[in-house]
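Heads up, the thing below is written out as structure tokens.
The values are calculated or read from the model by the stated rules, or taken from the named source; none is laboratory data. Remember, it's a predicted structure, so these values are computed and weren't measured experimentally. Please note: Cβ atoms are built from the backbone with ideal geometry, for glycine as well, and neighbour counts cover all protein chains shown. To get the accessible areas, we keep the full protein, side chains included, count just its heavy atoms, and leave off ligands, DNA and RNA. Shrake-Rupley method; radii C 1.70, N 1.55, O 1.52, S 1.80 Å.
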Amino acid sequence: MKLTDIPLEEQVILSVDLGINSACACSAMRLDGTILGRKFLNLPKEEDSLTHALNKIKKAQQHGAMGTPRLWAKAKGINDQISVRTAQFIVDTAILYSAFTIVFEHLDTKGKKKGSKSKRQRIQHWRAQYVQSVVADKAHRLGIRISRVNAWNTSRLAFDGSGEVIRGKEAGFKTNAMCKFRNGKTYNCDLNASYNIGARYFIREILKSLPATSRLRIEANDPQCSKRSTSTYSTLINLCAELHAAA
């Protein structure tokens, strides 16, 4: 199916954080940073089943079992079920908000994690790969685009530009789902990341559309615009304000 083009200022995107705390957090966003809606998918029963399967693998390995292929196959099967449900949820949400593009983090495939502590990380990485693949296939059939942005610090930096967040027990929470900003504000970790993911897409597209002289001037005034690994939702708001003032 041929994908259509529409002006950047008319686009609605769906930024997606495939978090550890929830299956996914989605934010529908416009160019000026307006948030049209937020959606979460939580699958507690499936996650409990996956945790149980991973614990079985851990116990088997502690008792001398090496490959445990059957146990890994069961864990992968549960993870695939979560992936399919997550992908369908994302596509349904994109349709709900008439999204032009679904934006994900670019997956880092470099390096191999080893040891028992990496089991959950490995299964999460497999899931993220599969979810993005299924969503891309479904989205393209519907004429929806897929884009990916730099994943560095999307969760670590507060969307309001106040700096690094404090998460979990360090911030006094019983769960890792919440974080605290340096200014004292508390927020959902995955939702915070989804704002930054969407903002990075629009920042990149805005800068690409500008003449070289305008882009260099903006980057000189606000270096965060050119730093894809540290730009946040607040960077997008500042960029839009500067463009409006220069108009």
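Quick look at the numbers
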read-out: Count of residues meeting criterion [over 24 Å from GLN11 (Cα atoms) and either part of a strand (DSSP E or B) or open to solvent by 40 Å² or more (accessible area, probe 1.4 Å) (or both)] in segment 144-154; value: 1
read-out: Residue in segment 24-34 that is free of Cβ contacts under 8 Å to residues at least 12 places away in the same chain and within 30 Å of PHE100 (Cα to Cα) present; value: yes
read-out: Residue within segment 225-233 that is under 17 Å from SER155 (Cβ atoms), at pLDDT below 90 and not aliphatic (A, V, I, L, M) present; value: yes
read-out: Residue list for segment 214-225, filter: part of a helix (DSSP H, G or I) and open to solvent by less than 60 Å² (accessible area, probe 1.4 Å); value: SER214, ILE218, GLU219, CYS225
read-out: VAL103, sole failed condition from (1) closer than 14 Å to VAL135 by Cα; (2) part of a helix (DSSP H, G or I); (3) not hydroxyl-bearing (Ser, Thr, Tyr); value: (2)
read-out: Those residues of segment 182-213 which are touching a helix residue (DSSP H, G or I) at 6+ places or on another chain (Cβ under 8 Å), in a helix (DSSP H, G or I) and open to solvent by 30 Å² or more (accessible area, probe 1.4 Å), in sequence order; value: GLU205, SER209
read-out: Which numbered condition LEU243 fails, given (1) part of a helix (DSSP H, G or I); (2) over 24 Å from ALA28 (Cα atoms); value: (2)
read-out: Near pairs, Cβ below 8 angstrom, 6+ apart or cross-chain, from segment 138-158 (under 16 Å from GLY198 (Cβ atoms)) to any residue that is open to solvent by 40 Å² or more (accessible area, probe 1.4 Å) and aromatic (Phe, Trp, Tyr); value: ALA158/TYR187
read-out: Residue within segment 158-169 that is in contact with a Gly (Cβ under 8 Å, 6 or more places away or on another chain) and either under 29 Å from SER98 (Cβ atoms) or of a type in the set (Lys, Arg) (or both) present; value: no
read-out: Matching residues, segment 160-170, being under 16 Å from ASP190 (Cα atoms) and not in a loop (DSSP other than H, G, I, E, B); value: GLU164, ILE166, ARG167, GLY168
read-out: Test: residue in segment 37-58 that is touching an Asp or Glu at 6+ places or on another chain (Cβ under 8 Å) and β-branched (Val, Ile, Thr); value: no
read-out: Meets criteria (assigned to a helix (DSSP H, G or I), of a type in the set (Ser, Thr, Tyr) and loosely packed, with under 15 Cβ neighbours inside 10 Å) for SER234; value: no
read-out: Hits in segment 172-181 (condition: without any contact (Cβ under 8 Å) to a residue 40 or more places away in the chain, part of a loop (DSSP other than H, G, I, E, B) and either in contact with a Lys or Arg (Cβ under 8 Å, 6 or more places away or on another chain) or among the hydrophobic types (A, V, I, L, M, F, W, C) (or both)); value: GLY172, PHE173, PHE181
read-out: Restricting segment 47-58 to residues that are more than 30 Å from LYS138 (Cα to Cα) and free of Cβ contacts under 8 Å to residues at least 12 places away in the same chain, the residue that is least open to solvent (accessible area, probe 1.4 Å); value: ASN55
read-out: Residue in segment 106-126 that is at pLDDT 85 or above, crowded, with 17+ Cβ neighbours inside 10 Å, in a loop (DSSP other than H, G, I, E, B) and out of contact with any helix residue (DSSP H, G or I) (no Cβ under 6 Å at 6 or more places or on another chain) present; value: no
read-out: Neighbours by Cβ (under 7 Å, 6+ apart or cross-chain): first from segment 59-77, touching a residue at least 24 places away in the same chain (Cβ under 8 Å); second surrounded by 11 or more Cβ atoms within 10 Å (Cβ to Cβ) and among the small types (Gly, Ala, Ser); value: ALA75/ALA53
